[in-house]
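Below is one structure, written out as structure tokens; comments come after it.
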Amino acid sequence: MDLKGKKALITGSGIRLGRAIALALAAEGCNLALHYHHSAEEVKEVQTAALNMGVQAAIFQADLSNPEQLQQLMQAVTTAFGHIDILINNAGVYLKGKGMETTPEILEQVFRINLFAPLLLTRAFAQQLPEGFEGKVINISDAKVFRHQPDHFAYRLTKSNINEMTALFALELAPNITVNAIAPGVMLPLAGHEDADLQDLAEKRIPLKRIGSPEIIAENVLHILHQDFMTGTVIRIDGGEWA
């Protein structure tokens, strides 16, 4: 796909991986629908940077745990852009708790944002794409789900199911829409753990002895978008940590 002039919706585009992905797409000439929930100031910075690159960039606020707001989000985006060619399901929540500690409320919150929102947005994306147009969906998963551990129980369930959903939608939406996923390893400190010694973590756990970066994920998003013969694939980018 030639990204110049294409239109992309990126959820959670104000911070962290979403920000890097949005700026990488803008640099390729892609127009942006920038979703955020709480990061209003940050997403305005992304919008300004994108506009300075000469592309269109509009901001849309929505609580992805609310199905009505999900529907309103896609309606607002298609009203503004006509249709979108690319959907990046990036937004998510990362809550602690083993299985026996995970309350129904935590399960519902994590599943609504991490799994149901990408599912419903992918369906809406497919429905709004004009007949004969090429579309691309990229889901952000997590490399840690390739090895079983009971920590972050609800989160792991949702990201494992994101991988399964990627494969299922890839089959259902072919040939006009490709659906792939990226499973990052450690790219940034977790929110609230910015002072953690990531180099020490890298030395102990990551074979390549370094952490990644949001820009590495953005590079791989571009790689997938430029492919015409890739669908149903989950790319693990973790420095070998979860091999």
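Read-outs throughout are calculated quantities, based only on the coordinates presented, and are distinct from any laboratory measurement. What you see is a predicted model, and the numbers here were worked out from it, not measured in a lab. Glycine also receives a Cβ, built like all others from the backbone with ideal geometry; neighbour counts cover every protein chain displayed.
Extending 7 Å from Cα along the Cβ direction at Glu105 and again at His223 yields two label points whose distance is 4.2 nm. For the chain, complete DSSP H runs whose alpha carbons reach 24 Å or more along their own long axis and whose mean Kyte-Doolittle score is -0.5 or higher are 153-173. Applying the criteria of a DSSP loop state and at most 15 other Cβ atoms within 10 Å to the chymotrypsin sites (Phe, Trp or Tyr not before Pro) of the range 110-156 yields Phe133. With both labels modelled 7 Å from their Cα along Cα-to-Cβ, the Gln71 to Glu45 distance reads 3.6 nm. Counting other Cβ atoms within 10 Å as a rough exposure proxy, the listed residues Tyr36, Tyr94 run Tyr94, Tyr36 from fewest neighbours to most. Summarising the amide proton neighbourhood of Ala57: residues at separation of 5 or more, or on other chains, whose placed amide H is nearer than 5 Å comprise Leu32. Ranking of Thr102, Thr11, Thr233 by neighbouring Cβ atoms within 10 Å, starting from the fewest: Thr233, Thr102, Thr11. Ignoring the sites themselves, what is the longest stretch of the chain with no trypsin sites (Lys or Arg not before Pro) in a DSSP loop and at most 16 other beta-carbon atoms within 10 Å? Result, exposed sites excluded: 5-95.
Only lysine pairs 8 or more places apart, or on different chains, with alpha-carbon atoms under 28 angstrom apart are counted in the range 7-237, and they number 18.
As a calculated quantity, the FRET efficiency between Gln56 and Asp2 at R0 = 22 Å, using C-beta atoms, amounts to about 0.85. Give, as ranges by residue number, the residues of the range 211-243 whose backbone N falls under 15 Å from the point 7 Å along Cα→Cβ of Glu134. So the set is 222-231. As a proxy for reagent exposure, ranking Leu95, Leu32 by other Cβ atoms within 10 Å from fewest up yields Leu95, Leu32. For the chain, give me the percentage of DSSP beta bridges that are antiparallel, rounded to the nearest 5 percent. About 0 percent, rounded to the nearest 5. For the range 55-63, 3J(HN,Hα) computed residue by residue from phi via the Karplus equation (6.51, -1.76, 1.60; θ = phi - 60°) reads 10, 6, 8, 10, 9, 9, 9, 6, 8 Hz, glycine and proline entered as x.
In a DSSP loop and with at most 12 other Cβ atoms within 10 Å, the GluC sites (Glu not before Pro) in the range 106-159 are Glu131.
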